[in-house]
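Below is one structure; the comments refer to it alone.
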Amino acid sequence: MDGNIAHFFFFVLLMTQYHCLLNTLPRVQPRPPPGPLGMVESLYEQLEEDAHKDFSASVMKSCSKTTAIKPISRDLKGFLKDFSKIRLTKDRVAKVVKDLLYSIAIHPTENKVLVAAGGRGGWVVFWDVMNSDKHDGVVAYCPHARPVNCLHLPPWAPLKTYSCSYDGSLRCGDFEKGVFDEVYSCPDKGDTCLMNFDFNSEHVMLVSQSDGCVAVVDVRTPQTSAGHLYPCHERSLRTVSIHPVQKHYFVTASFDETVRLWDLRKMPKKRAIAERKYSKRVNSAYFSPITGKYILSTSANNILKILDSSEMTGRLPLKKRVAYEQHLGRGLTNFRATWHPAREDLFVVASRKKPNQIQLFNDDGVEVQVLTNPDYLCSMCSLNAIHPSRNIVAGGNSGGRVHVFM
């Protein structure tokens, strides 16, 4: 009898762990049908039409002006003197995503503090931080069926939001048209996830995929297939980043433990022009935003590396390595270090230090500032975004909560 009881409790414990594991996995649901999807439409939850109308009108009123992200020439010391004044207050914290947060972005407009976040269930959520209406400034759309791993709010198209998802689709949310247009999609019968994308021009983007390929997509074409599909890695890609000046160069990060540099003009040869080996999977690699002379990478070996990409050949020499700790529990968002979009001597990354904080480093890998508030920053912000022209940092944690320092 005692043996049966022991087996019973062991079975209960096993099933409990199994269900906990299931709860950490992305929900697998059929993706929305091809073609445009109305912003108030969703297969899973309907958005109040009045909420959409009010929010859309506000966006079109405040965000319709195109902006150019201009490099900030002020020396870093002087810049940080003003940047150190930003604070986190109670009303700058909001639960915007119901479940795990996968991506975060800040709209480049100076007229509104607008943060976008991508959630596990296919959500694209906007938070109008200074708005305190009945919705607390938060409006949620669901144009995808699975995690939204990358968001872009391009300065040349201020009324559009581009998002890609594990469901294999890339969509453009257009507030003027009131739809999420389908821009690119993998065959629905497959299991290829879209991981990340970057713009080669205002109309052409490169998309990284879980099958190790990079897709070249032109948003002007009526079809939703790729113009070209290039195999770049043996395992899943994580990020793709295009050189800010020499647009034919791009860098990829992969689970095959490499960062590779490519020349789009030579892609038929299918050979990287430079490669850097890592000891574990690489979560991200991004060119510095002004000249592209550095590549900032994060990996699962708890080492953040700044690579020298001033010469587009060889092994991508190491400029600096920074040790950090990102041992995360199951189901938590991986860290991705992010450049200031208008500087290449400053980047932001999550921190596991106590009290909870967000760290800012210079291009020599030296910590130059810490953002913290013991009262309102109560967890790690795995993903962070910096406004290109205002002193604002938005940090998102794995629980779907966004913290805005300003």
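The values are calculated or read from the model by the stated rules, or taken from the named source; none is laboratory data. None of these values were measured; they are calculated from a predicted model. Every residue, glycine as well, gets a Cβ built from its backbone with ideal geometry; the counts of neighbours run over all protein chains shown.
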Consider segment 37-74. How many of its residues are part of a strand (DSSP E or B) and at pLDDT below 90? 0
Go through (1) crowded, with 22+ Cβ neighbours inside 10 Å; (2) at pLDDT 90 or above; (3) touching a Phe, Trp or Tyr at 6+ places or on another chain (Cβ under 9 Å) one by one and return the number of the condition Arg343 breaks. (1)
Inside segment 262-301, can you point out the residues that are of a type in the set (A, V, I, L, M) and under 20 Å from Asp363 (Cα atoms)? Val282, Ala285, Ile290, Ile295, Leu296
Taking segment 187-207 and the residues there that are of a type in the set (Asp, Glu) and part of a loop (DSSP other than H, G, I, E, B), the one that is farthest from Gly35 (Cα to Cα) would be Glu202
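Rundown of residues vs (1) aromatic (Phe, Trp, Tyr); (2) in contact with a Ser or Thr (Cβ under 9 Å, 6 or more places away or on another chain); (3) closer than 26 Å to Asp82 by Cα, yes/no style:
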residue	(1), (2), (3)
Met312	no, no, no
Leu316	no, yes, no
Thr338	no, yes, yes
Val349	no, yes, yes
Val366	no, no, yes
Gln369	no, yes, yes
Tyr376	yes, yes, yes
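Residues are listed down the side, and each one gets a yes or a no for (1) under 14 Å from Arg171 (Cα atoms); (2) of a type in the set (S, T, N, Q); (3) modelled with pLDDT of 95 or more:
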{"residue": "Lys189", "(1), (2), (3)": "no, no, no"}
{"residue": "Glu202", "(1), (2), (3)": "no, no, yes"}
{"residue": "Val214", "(1), (2), (3)": "no, no, yes"}
{"residue": "Ser225", "(1), (2), (3)": "yes, yes, no"}
Pick from segment 374-406, criterion touching a Phe, Trp or Tyr at 6+ places or on another chain (Cβ under 8 Å) and part of a loop (DSSP other than H, G, I, E, B), ranking: surrounded by the most Cβ atoms within 10 Å (Cβ to Cβ): Ser382
Can you tell me which residue in segment 212-257 is farthest from Ser310 (Cα to Cα), limited to those that are of a type in the set (S, T, N, Q) and surrounded by fewer than 20 Cβ atoms within 10 Å (Cβ to Cβ)? Gln223
Selected residue [in contact with a Ser or Thr (Cβ under 6 Å, 6 or more places away or on another chain) and either touching a residue at least 24 places away in the same chain (Cβ under 8 Å) or farther than 16 Å from Asn384 by Cα (or both)] from Leu100, Leu114: Leu100
Taking the condition at pLDDT below 95, surrounded by 20 or more Cβ atoms within 10 Å (Cβ to Cβ), within 25 Å of Val404 (Cα to Cα) and of a type outside the set (D, E, K, R), does Tyr162 pass? no
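Yes/no per residue for (1) of a type in the set (Lys, Arg); (2) within 21 Å of the chain's Cα centre (by Cα):
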{"residue": "Val349", "(1), (2)": "no, yes"}
{"residue": "Pro355", "(1), (2)": "no, no"}
{"residue": "Gln359", "(1), (2)": "no, yes"}
{"residue": "Asn384", "(1), (2)": "no, yes"}
{"residue": "His387", "(1), (2)": "no, yes"}
{"residue": "Arg401", "(1), (2)": "yes, yes"}
Go through segment 106-145 and report how many residues are closer than 16 Å to Arg401 by Cα and assigned to a strand (DSSP E or B). 15
